[in-house]
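A short write-up of the structure that comes next.
The values are calculated or read from the model by the stated rules, or taken from the named source; none is laboratory data. It should be emphasised that the depicted structure is a prediction, and the values quoted were computed from it without experimental measurement. A quick note on method: Cβ atoms are made from the backbone with ideal geometry, for glycine too, and the neighbour counts reach across all protein chains shown. For accessibility, only protein heavy atoms count, side chains too; no ligands or nucleic acids. Shrake-Rupley method; radii C 1.70, N 1.55, O 1.52, S 1.80 Å.
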Amino acid sequence: MGRGAIKEEESEGKRKTWRWPLATLVVVFLAVAVSSRTASNVGFFFTDRNSCSCSLQGTGKYKGMVEDCCCDYETVDNLNSEVLNPLLQDLVTTPFFRYFKVKLWCDCPFWPDDGMCRLRDCSVCECPENEFPEPFKRPLPSDDLKCQEGKPQAAVDRTIDNRAFRGWVETKNPWTHDDDDTDSGEMTYVNLQLNPERYTGYTGPSARRIWDSIYSENCPKYSSGETCPEKKVLYKLISGLHSSISMHISADYLLDESSNQWGQNMDLMYDRILRHPDRVRNMYFTYLFVLRAVTKATAYLEQAEYDTGNHAEDLKTQSLIKQLLYSPKLQTACPVPFDEAKLWQGQSGPELKQQIQKQFRNISALMDCVGCEKCRLWGKLQVQGLGTALKILFSVGNQQAGDHQTLQLQRNEVIALVNLLNRLSESVKMVHDMGPDVERLMEDQIAKVSSAKPGTGRLRRIWDLALSLW
């Protein structure tokens with residue numbers, strides 16, 4: 001769901017109902033909203049859901065273990081900045097990972113599409129036939145592996161069959177709503193480098209309805225007393241992805257349409273992500289979850305064919321993949337970013353797995369309802385990447401019956417997985433590099449507003465509006 005996509009809320013305070021016990025609190029938040037001229041034009045991101053009230057020690061600093069993961073925040077930040085992010089930045093520019101096959105226009109299975117794009121940046125530049133690699137044009141054999149659904153499982157296997165890669169195939173993923181025919185004329189290749197994820201101007205009810213449907217119908221926020229880890233995982237993954245998308249929107253935002261000035265929208269970055277510690281934590285969680293999927297599939301990804309017809313570039317891609325998979329720093333500091341073996345335990349495990357698979361398939365199907373081409377492109381890519389991570393981590397058969405599922409991935413799934421990991425890596429880096437300064441800046445601004453007395457002009461109007469809403 002490059003730099004920004006799927007999104008954008010429409011107007012300054014219109015969509016929020018400010019009903020606080022004290023009018024002075026209303027003044028503080030309304031003043032911040034007014035001061036961020038365009039910051040609230042981002043509807044397809046956060047619809048300002050309830051956030052965790054927990055606070056962390058230090059301003060903008062996250063310490064200790066990432067919740068439900070096996071690495072601490074400091075280790076993640078260091079590994080990401082020094083090793084993973086530089087490798088991923090190079091990897092996604094290679095010919096193999098630059099091109100993504102997607103069906104851009106599909107019928108929404110849930111409601112008629114009524115989204116409107118306001119900017120030319122909403123459209124996608126498709127690749128001409130002679131641009132994308134020749135090997136990508138060849139039809140792939142189909143794979144008839146049975147879906148995992150309905151198979152009783154006592155435990156999750158944390159290894160993958162080392163027979164690994166056997167050629168690219170067209171295979172189904174039980175976690176995602178796949179396009180019916182990946183070789184149909186409706187599929188097109190898109191150069192991701194020419195279609196960055198960024199602010200697009202996608203606004204209105206259609207934009208807001210996507211995230212509303214995702215959260216309310218498919219992954220509602222778990223209660224504070226929830227003890228079932230499986231029910232928490234899906235929400236945290238979607239919340240983390242949501243936060244990452246919002247980070248890219250705020251980092252590459254159209255600040256002034258008349259002069260086509262792009263830049264960082266710090267007000268938005270603070271309002272949508274940084275002032276919500278739970279959203280930041282969920283983003284780190286999602287990053288480690290996807291990283292674990294990549295490292296678990298090491299044998300498969302190492303042996304995979306990254307053939308684009310450009311021998312020098314293909315060798316570079318293979319080298320970068322091996323550097324990523326066999327990084328000594330990663331293997332030493334965070335060898336198992338997320339422990340998937342603790343999930344789907346007990347008698348209810350298989351049934352719960354089918355339920356969550358169905359919910360995630362619905363989320364992936366909702367991407368066809370996004371009314372903005374570029375938003376749909378990045379939404380489908382990142383949700384497919386997350387679905388691929390789920391497939392890798394939970395792609396086993398009945399261990400008791402000796403049925404070990406052999407991992408098979410589509411070429412497009414690997415492209416989506418690596419690009420998603422890069423998106424998350426960029427977001428984590430932005431939080432680490434920019435977060436503390438942005439938080440201090442915005443909190444100083446809020447403190448100044450809260451200490452000011454209502455008088456004439458803008459503050460007077462804010463004060464009058466606050467009283468009318470109280």
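Farther than 26 Å from residue 341 by Cβ and at pLDDT below 95: which single residue out of 402, 397, 435 fits that description?
Among 402, 397, 435, only 435 is farther than 26 Å from residue 341 by Cβ and at pLDDT below 95.
If residue 237 satisfies every condition in (1) within 16 Å of the chain's Cα centre (by Cα); (2) of a type in the set (A, V, I, L, M); (3) farther than 22 Å from residue 365 by Cα but one, which is the exception?
Against the list (1) within 16 Å of the chain's Cα centre (by Cα); (2) of a type in the set (A, V, I, L, M); (3) farther than 22 Å from residue 365 by Cα, residue 237 comes up short only on (3).
Does residue 323 satisfy the condition of being more than 22 Å from residue 217 (Cα to Cα), open to solvent by 30 Å² or more (accessible area, probe 1.4 Å), in contact with a helix residue (DSSP H, G or I) (Cβ under 6 Å, 6 or more places away or on another chain) and modelled with pLDDT of 95 or more?
Working: more than 22 Å from residue 217 (Cα to Cα): yes; open to solvent by 30 Å² or more (accessible area, probe 1.4 Å): yes; in contact with a helix residue (DSSP H, G or I) (Cβ under 6 Å, 6 or more places away or on another chain): yes; modelled with pLDDT of 95 or more: yes.
Against the criterion (more than 22 Å from residue 217 (Cα to Cα), open to solvent by 30 Å² or more (accessible area, probe 1.4 Å), in contact with a helix residue (DSSP H, G or I) (Cβ under 6 Å, 6 or more places away or on another chain) and modelled with pLDDT of 95 or more), residue 323 qualifies.
Could you grab me the full set of residues in the stretch 156-186 that are open to solvent by 20 Å² or more (accessible area, probe 1.4 Å) and at pLDDT 85 or above?
Matches in the stretch 156-186: 172, 177.
Take residue 363 and tell me if it is more than 24 Å from residue 295 (Cα to Cα), among the β-branched types (Val, Ile, Thr), open to solvent by less than 10 Å² (accessible area, probe 1.4 Å) and modelled with pLDDT of 90 or more.
Considered against the rule, which asks whether it is more than 24 Å from residue 295 (Cα to Cα), among the β-branched types (Val, Ile, Thr), open to solvent by less than 10 Å² (accessible area, probe 1.4 Å) and modelled with pLDDT of 90 or more, residue 363 comes out as yes.
Could you check the stretch 249-269 and list, in sequence order, the residues that are crowded, with 24+ Cβ neighbours inside 10 Å and in a helix (DSSP H, G or I)? Outline the logic, then answer.
Filtering the stretch 249-269 down to residues crowded, with 24+ Cβ neighbours inside 10 Å leaves 249-250, 253, 265, 268-269.
Once the filter is applied, which keeps residues that are crowded, with 24+ Cβ neighbours inside 10 Å and in a helix (DSSP H, G or I), the stretch 249-269 yields 249, 250, 268, 269.
Mind counting the residues in the stretch 187-226 that are touching a strand residue (DSSP E or B) at 6+ places or on another chain (Cβ under 8 Å), hydrophobic (A, V, I, L, M, F, W, C) and either open to solvent by 60 Å² or more (accessible area, probe 1.4 Å) or not in a helix (DSSP H, G or I) (or both)?
Total meeting the criteria: 2.
For residue 292, all conditions in the list (1) basic (Lys, Arg); (2) surrounded by fewer than 23 Cβ atoms within 10 Å (Cβ to Cβ); (3) at pLDDT 95 or above hold save one; what is the number of the exception?
The one condition residue 292 does not meet is (2).
Looking at (1) on the phi < 0 side of the Ramachandran plot; (2) at pLDDT below 85, which one does residue 60 not meet, given that it meets all the others?
Among (1) on the phi < 0 side of the Ramachandran plot; (2) at pLDDT below 85, residue 60 violates only (1).
Answer with yes or no whether residue 384 is open to solvent by 10 Å² or more (accessible area, probe 1.4 Å), at pLDDT 95 or above and assigned to a helix (DSSP H, G or I).
Judged against the criteria, residue 384 is a match.
Of everything in the stretch 326-343, what is touching a Ser or Thr at 6+ places or on another chain (Cβ under 7 Å) and open to solvent by 10 Å² or more (accessible area, probe 1.4 Å)? Give them in sequence order.
If the condition is that a residue be touching a Ser or Thr at 6+ places or on another chain (Cβ under 7 Å) and open to solvent by 10 Å² or more (accessible area, probe 1.4 Å), then 333 is the only one that fits.
Restricting the search to the stretch 284-306, which residues are of a type outside the set (D, E, K, R) and farther than 13 Å from residue 324 by Cβ? Give the steps one after another, and end with the answer.
To start, the set of residues in the stretch 284-306 that are of a type outside the set (D, E, K, R) comprises 284-291, 293-295, 297-301, 303-304, 306.
If the condition is that a residue be of a type outside the set (D, E, K, R) and farther than 13 Å from residue 324 by Cβ, then 284, 285, 286, 287, 288, 289, 299, 300, 303 are the ones that fit.
For the stretch 331-340, indicate whether the set of residues that are under 30 Å from residue 217 (Cβ atoms) and outside any loop (DSSP other than H, G, I, E, B) is non-empty.
Among the residues of the stretch 331-340, at least one is under 30 Å from residue 217 (Cβ atoms) and outside any loop (DSSP other than H, G, I, E, B), which makes the answer yes.
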